[in-house]
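What follows is a short report on a single structure.
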Amino acid sequence: MIAPIFGLVLFTLAIVLILDLSPRRVTDDLLQIITPRQTLHERVKAIRSGKKKKGLYYKLMSMKAALEATGKQKQFALICFASLVLFAVGIFTSILINNLFLLPALSVAFALIPFIYTATTISSYEKKTKEELETTLSIITTSYIRSDDIIAAVRENIPYIKHPLKQIFLAFEGDATAVSSNVKRALYNMKDKLDDEIFREWCDTLIACQDNRALKDTLLPVVAKLTDVRIVNNELQGLLAAARNEYWVMVALVVGNIPLLYLLNKDWFHTLLFETSGKLVLGICGVVILVTALFMMKFTKPIEYKR
């Protein structure tokens with residue numbers, strides 16, 4: 001069994017060398033395959049709705065944008081390439097243990113490892129960004145209410161703003177002073193530079209304040225929503241962590257039963273690993289664990305504010 005696998009690996013390496021495949025080229029080809037075909041009417045409708053698009057392509061684009069915001073845009077091609085390599089590793093592993101029923105679960109699970117790791121890193125980065133956003137919007141709002149000038153409020157607080165928000169407000173200041181004197185247009189441009197509903201609502205309120213200065217008092221309640229979301233997430237953190245830990249304990253018990261069978265009943269162990277019915281059971285268990293793990297990660301994410 002080792003010889004065919006080794007030959008297949010060499011054959012794959014030969015294809016990579018002959019076709020001169022690089023991580024960037026592989027990533028571009030994959031994105032081209034999964035890019036949805038939309039008519040102009042569908043694109044306009046999606047933009048007007050303002051809802052987040054769902055699907056594999058849009059999730060990858062969201063991850064790519066997040067990596068670009070953190071200054072790690074070059075890693076996206078490596079992540080996609082690593083995922084493709086691990087997908088092949090999952091296939092080879094299924095063939096190596098002579099259980100093709102495990103091929104879907106192992107190949108997909110291996111392929112998701114780079115994306116799960118990257119999503120975890122991005123989630124930690126976004127958490128810090130939201131904490132910094134709460135402080136930044138608070139000090140700028142206080143200055144704006146006092147001075148009645150959003151450009152002056154941003155300018156005087158620039159030294160206290162940290163990356164990546166500092167670049168966003170520097171761009172706003174330059175847009176509102178050097179490019180054009182239209183503050184509302186500069187606020188519209190700034191609104192789309194951060195994927196956060198509360199930040200967008202804050203920008204919309206600022207835009208409304210340019211026509212009606214009496215609306216300034218509505219800015220503080222908008223900023224307070226960031227504090228409310230943070231408090232709720234902190235309260236739920238323990239409950240969500242307990243749910244995740246309980247799930248992984250159950251998975252460990254399911255997987256741990258396989259070597260335990262060897263001690264309890266060797267005939268059952270032999271049937272599970274070497275008979276077709278046992279291999280089918282392992283394949284079903286692998287798919288169930290994979291699907292439930294994805295749902296677990298989806299439902300135990302921190303909550304987000306929605307307008």
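Here is how the numbers come out for the structure above:
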| item | result |
| --- | --- |
| Cα-based shape type of the range 128-229, given that a ≥ b ≥ c are square roots of the gyration tensor eigenvalues and the cut on a/c is 1.5 | rounded |
| Environment charge at Pro159 (Cβ cut-off 15 Å; Lys +1, Arg +1, Asp -1, Glu -1) | 0 |
| ³J(HN,Hα) computed for each position of the range 74-85 - Karplus, 6.51 cos²θ - 1.76 cosθ + 1.60, integer Hz, glycine/proline x | 6, 6, 4, 5, 5, 5, 5, 5, 4, 5, 5, 5 |
| Net dipole in debye of the range 67-133 [+1 Lys, Arg Cβ; -1 Asp, Glu Cβ; about Cα centre; nearest 20] | 60 |
| Net lengthening on full extension, Asn212/Leu96 (0.36 nm per residue, minus Cα-Cα) | 34.8 nm |
| Label-to-label distance, nm, for residues given as Met297 and Glu275 (7 Å Cα→Cβ offset) | 3.5 |
| Cβ-derived FRET efficiency at R0 35 Å, Phe115 paired with Asn234, nearest 0.05 | 0.85 |
| Karplus-derived 3J(HN,Hα), 6.51/-1.76/1.60, for each residue of the range 155-163, Hz, glycine and proline x | 4, 6, 10, 3, x, 9, 8, 9, 5 |
| FRET E, pair Ser62, Asp204, Förster distance 25 Å, beta-carbon r, rounded to 0.05 | 0.70 |
| Likely footprinting exposure, Leu253, Leu240, fewest C-beta neighbours within 10 Å first | Leu253, Leu240 |
| For Ser94, Ser143, order by how many other beta-carbon atoms lie within 10 Å, fewest first | Ser143, Ser94 |
| Förster radius 30 Å - calculated FRET efficiency between Glu132 and Trp248 (Cβ-Cβ, nearest 0.05) | 0.45 |
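We did not get these values from a lab; they are worked out from the coordinates using the rules stated. Fair warning: this is a prediction, and the values are worked out from it, not measured in the lab. Methodologically, a virtual Cβ is constructed for each residue, glycine included, from the backbone with ideal geometry; neighbour enumeration extends over all protein chains shown.
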